[in-house]
Amino acid sequence: MDRQRFCNRKLSGLPPIKRVECTHMRTVLLLLVSNIFMTFAWYGHLRFKEVPLWKAIIVSWLIALVEYCFQVPANRWGHQHFSAAQLKIMQEAITLCVFVGFSILYLREAFRWNYAVSFGLILAAVFFAFKQF
């Protein structure tokens, strides 16, 4: 199904999805995918400490290259509807969501209450960045 038809279709009698909402969601999804790749690029090697550093650097760089294939379009298209500051704050919030899952599931690290408080403060920053005063 092409993007135009998807954005204009009716779902179970609901009004059509606005084009702007599709662009917003596309930006968020691209940022999510890019952050998954970037988290693995930056922290995935921590489970493989026996691998020489130079190999970890090369593999991380190659993963980061794939990440840029999602990050650049997300920012380019997202900047049509969001300010650069909003994009950056949104990206940081997504990064934290991805990293929490990554650190618990992949690195098997504990999630502590003070991390939750810190995360809540970052989400408050997202609220204030997008709130129209």
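Worth pointing out:
- Selection status of Q86, in a helix (DSSP H, G or I), without any contact (Cβ under 8 Å) to a residue 60 or more places away in the chain, more than 19 Å from Y106 (Cα to Cα) and within 11 Å of the chain's Cα centre (by Cα): no
- Any hit, the stretch 86-94, residues being more than 19 Å from M38 (Cβ to Cβ) and exposed (fewer than 15 other Cβ atoms within 10 Å of the Cβ): no
- Number of residues in the stretch 26-49 that are closer than 18 Å to K88 by Cα and either within 9 Å of the chain's Cα centre (by Cα) or buried (at least 18 other Cβ atoms within 10 Å of the Cβ) (or both) equals 13.
- Residues (surrounded by 11 or more Cβ atoms within 10 Å (Cβ to Cβ) and closer than 14 Å to T39 by Cα) located in the stretch 50-61: A56, I57, V59, S60
- Members of the stretch 95-133 that are surrounded by 16 or more Cβ atoms within 10 Å (Cβ to Cβ), over 22 Å from R47 (Cβ atoms) and at pLDDT 90 or above: none
The values are calculated or read from the model by the stated rules, or taken from the named source; none is laboratory data. Keep in mind the model is a prediction, meaning the values are calculated, not measured. Note that each Cβ is placed from the backbone with ideal geometry, even for glycine, and that neighbours are counted across all protein chains shown.
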